[in-house]
Amino acid sequence: MIQINNISKSFSGREVLKNISFTFEAGKTNMIIGESGSGKTTLLKCMVGLNEIDSGEVLFDGRDFYTLDFKGKKEIRKEIGMLFQGGALFDSKTVEENVVFPISMFTDLSVSEKRDRANFCLQRVNLDNANNLYPSELSGGMKKRVAIARAIAVQPKYLFCDEPNSGLDPKTSIVIDNLIKEITDEYKITTVVITHDMNSVIEIGDNIIFIYKGEKWWEGNKLEILKTENKEVHDFVYATKFMRELRNKF
Amino acid sequence: MINSVKLFFNFGRYFILIRRAFAKPEKVSIYIDRIFEEIYILGVGSLGIVAIISVFMGAVITLQSAFNFESPLIPYYAIGVAVRDSMILEFSPAIVSLILAGKVGSSIASEIGTMRVTEQIDALEIMGINSAGYLIFPKIIASVLFNPILIVFSMFLGIAGGYFFGALAGVVSPHQYVYGITYDFRPFNVFYALIKSGVFAFIIASVPAYHGYFTKGGALEVGRSSTKGVVYSSVLILAFDLILTQLLLA
Ligand SMILES: Nc1ncnc2c1ncn2[C@@H]1O[C@H](COP(=O)(O)OP(=O)(O)OP(=O)(O)O)[C@@H](O)[C@H]1O
Ligand SMILES: [Mg+2]
């Protein structure tokens, strides 16, 4: 469980996050949604200390991240798996080396055990036969999947995904969504997923928060979001013709 | 005023970064592998260029000395003395280090800078890895260990270059040249050169790494960091050349 209390953040005087509080439950997929530029990525980075917050607190199962020293923060970070919006694969390493890397850093498995674990993760994201390619030789969607495999390689307690299925085809998107859901249930991970994609929200969104211009505008679950009266959320959910027609049908 | 504040800011940030780079490694075996990797890339990869410029420099010093010493009072073997002392005292340690600052420094700054702007450094941090230690420490150690070897290599090739081109151009006979290079030879000078090259090696690795590490922005800024890294490390090498010469030879 991750609790954030009254987080605010500004970049050179411009307020990007305004007093946001929320509880991200363990074993649930918690989704952050909102328009482009509303502050979703910034919120995620504030939660893990990649952006320093101006005020507020972040509690990882009660441990107040920002009061910890360098070493204490490192201990929490070892329990975090993160998928960056741009993938952030190590471009001097092959696909397999990318996934093996966190495993070799923090476990004492043998070479073949490490490779087995990496291959297991790569298969879960439907990526076979790409082990020896370099990131520059992958398509956008393949990069994303490698990044997910790397994020789950050391069985994190907290999983952060910044737009896991942007750039993926609908079929692979669903595979990734279900994978995230599955490992969240299986290992009782606290999962936080940023998305633009209403399909994912309806597919796997247990808890949802809607960020609007840096504020927490709405929270609820996937059933509630379809019936919300909140104008901004409603406009977001029913932005596509498909969703509007679906609503009219039911 | 603003500039001196900036200077202090950079000094402080540099020392904090270097201290973090020397923090206890997460896993010693991985760091040792990294050091060998860097020795190969930074050190062995520079053998070619060091060889070429050293041979030419030795040859040029031989021909120039021969041209300047056209007086019956100066013996021919003085050419050998001149080549030996210029190579050992100044050319190999300082000029070769300047060349390496250009070659190695720009590659270090752009490698680390690219990792910064593509969030690869953030990815390391999120895994609970000390990115400064993982990226910068092996580069510094590799340079400080291997650059002195490159410098000794350069001394030999420079003196050998003088021998061959001197004989080829007929300005000094091999016999006289060899007499010259052994005449009043002081081993301390080599020791002095090695101390200098160790200090320069530290600058060559750490200053560009600093500029790369704090890159903000995109590809353009990576280029800028790389230029800054080379310029600042070159200026520092010259400054320390002066200081160390005064301290060690006075
Ligand atoms: N490092 C930074 N420096 C200055 N401003 C920033 C920085 N990072 C983000 N911002 C600003 O913060 C705001 C929110 O950005 P953020 O990346 O969090 O948006 P987002 O909700 O993730 O958008 P998207 O869905 O497009 O990824 C933007 O206006 C952006 O310009
Ligand atoms: Mg974003």
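The values are calculated or read from the model by the stated rules, or taken from the named source; none is laboratory data. Values in this document were obtained by computation on a predicted structure and should not be read as measured data. For neighbour counting, all protein chains shown are included, and Cβ atoms are generated from backbone atoms with ideal geometry for every residue, glycine included. The accessibility values were calculated without ligands, DNA or RNA, using every heavy atom of the protein model including side chains. Shrake-Rupley method; radii C 1.70, N 1.55, O 1.52, S 1.80 Å.
Of everything in segment A:187-241 that's within 16 Å of ligand 2 (Cβ to nearest atom) and assigned to a loop (DSSP other than H, G, I, E, B), which residue is least open to solvent (accessible area, probe 1.4 Å)?
It comes out as A:Gly214.
Filter segment B:205-233 for residues that are open to solvent by 30 Å² or more (accessible area, probe 1.4 Å) and of a type in the set (Gly, Ala, Ser); which is farthest from the chain's Cα centre (by Cα)?
Filtering segment B:205-233 for residues that are open to solvent by 30 Å² or more (accessible area, probe 1.4 Å) and of a type in the set (Gly, Ala, Ser), the one farthest from the chain's Cα centre (by Cα) comes out as B:Gly217.
On the basis of being on the phi > 0 side of the Ramachandran plot and either more than 16 Å from ligand 2 (Cβ to nearest atom) or at pLDDT 95 or above (or both), does A:Ser104 make the cut?
The answer is no for A:Ser104.
Out of all the residues in segment A:39-69, which are acidic (Asp, Glu) and either within 16 Å of ligand 1 (Cβ to nearest atom) or out of contact with any helix residue (DSSP H, G or I) (no Cβ under 7 Å at 6 or more places or on another chain) (or both)?
Within segment A:39-69, A:Glu52, A:Asp54, A:Asp61, A:Asp64, A:Asp69 qualify.
From the list A:Glu97, A:Glu113, A:Glu79, exactly one residue is open to solvent by 30 Å² or more (accessible area, probe 1.4 Å) and either in contact (Cβ under 8 Å) with a residue 24 or more places away in the chain or within 15 Å of ligand 2 (Cβ to nearest atom) (or both). Which is it?
Among A:Glu97, A:Glu113, A:Glu79, only A:Glu79 is open to solvent by 30 Å² or more (accessible area, probe 1.4 Å) and either in contact (Cβ under 8 Å) with a residue 24 or more places away in the chain or within 15 Å of ligand 2 (Cβ to nearest atom) (or both).
In segment B:118-158, which residues are open to solvent by 10 Å² or more (accessible area, probe 1.4 Å), within 14 Å of chain A (Cβ to nearest Cβ) and within 16 Å of B:Pro208 (Cα to Cα)?
B:Tyr134
How many residues are surrounded by 20 or more Cβ atoms within 10 Å (Cβ to Cβ) and over 15 Å from the mean Cα position of the chain (by Cα) if we restrict to segment A:2-15?
Summing the residues that are surrounded by 20 or more Cβ atoms within 10 Å (Cβ to Cβ) and over 15 Å from the mean Cα position of the chain (by Cα) in segment A:2-15 gives 3.
Of everything in segment A:161-186 that's crowded, with 22+ Cβ neighbours inside 10 Å and within 16 Å of ligand 2 (Cβ to nearest atom), which residue is nearest to the other protein chains (Cβ to nearest Cβ)?
Filtering segment A:161-186 for residues that are crowded, with 22+ Cβ neighbours inside 10 Å and within 16 Å of ligand 2 (Cβ to nearest atom), the one nearest to the other protein chains (Cβ to nearest Cβ) comes out as A:Asp162.
Can you name the residue in segment A:135-151 that is of a type in the set (Gly, Ala, Ser), more than 12 Å from chain B (Cβ to nearest Cβ) and within 18 Å of B:Thr118 (Cα to Cα) and is also least open to solvent (accessible area, probe 1.4 Å) among such residues?
Filtering segment A:135-151 for residues that are of a type in the set (Gly, Ala, Ser), more than 12 Å from chain B (Cβ to nearest Cβ) and within 18 Å of B:Thr118 (Cα to Cα), the one least open to solvent (accessible area, probe 1.4 Å) comes out as A:Gly141.
Among all residue pairs at least 6 apart or on different chains, which show Cβ distances below 8 Å where the first residue, located in segment B:46-64, is more than 24 Å from B:Ser106 (Cα to Cα) and the second is not in a helix (DSSP H, G or I)?
B:Thr62/B:Val171; B:Thr62/B:Val172; B:Leu63/B:Val171
Which condition number in (1) more than 14 Å from chain B (Cβ to nearest Cβ); (2) away from ligand 2 (no atom under 16 Å from the Cβ); (3) free of Cβ contacts under 8 Å to residues at least 12 places away in the same chain is the one that A:Lys18 fails?
Condition (3) is where A:Lys18 drops out.
Out of curiosity, is B:Lys103 more than 10 Å from chain A (Cβ to nearest Cβ), among the charged types (D, E, K, R) and open to solvent by 30 Å² or more (accessible area, probe 1.4 Å)?
When the stated conditions are applied, B:Lys103 passes them.
If I filter segment A:53-69 down to residues being within 13 Å of another protein chain (Cβ to nearest Cβ) and without any contact (Cβ under 8 Å) to a residue 24 or more places away in the chain, which single residue comes out as least open to solvent (accessible area, probe 1.4 Å)?
Among those residues, the one meeting the criterion is A:Phe65.
Looking at A:Asn132 and the list (1) open to solvent by less than 50 Å² (accessible area, probe 1.4 Å); (2) more than 13 Å from every other protein chain (Cβ to nearest Cβ); (3) over 15 Å from the mean Cα position of the chain (by Cα), which single condition is not satisfied?
A:Asn132 satisfies every listed condition except (1).
Would a scan of segment A:39-51 turn up a residue that is in contact (Cβ under 8 Å) with a residue 40 or more places away in the chain, buried (at least 16 other Cβ atoms within 10 Å of the Cβ) and facing chain B (nearest Cβ under 8 Å)?
Yes.
Any idea which of A:Gly27, A:Gly72 is open to solvent by less than 40 Å² (accessible area, probe 1.4 Å), away from chain B (no Cβ under 14 Å), more than 16 Å from ligand 1 (Cβ to nearest atom) and of a type in the set (Gly, Ala, Ser)?
A:Gly27
Table: residues versus (1) over 30 Å from A:Phe106 (Cβ atoms); (2) within 14 Å of another protein chain (Cβ to nearest Cβ); (3) not in a helix (DSSP H, G or I).
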residue: B:Pro75; (1), (2), (3): yes, no, yes
residue: B:Val83; (1), (2), (3): yes, no, no
residue: B:Ile88; (1), (2), (3): yes, no, no
residue: B:Phe91; (1), (2), (3): yes, no, no
residue: B:Val96; (1), (2), (3): yes, no, no
residue: B:Ala109; (1), (2), (3): no, no, no
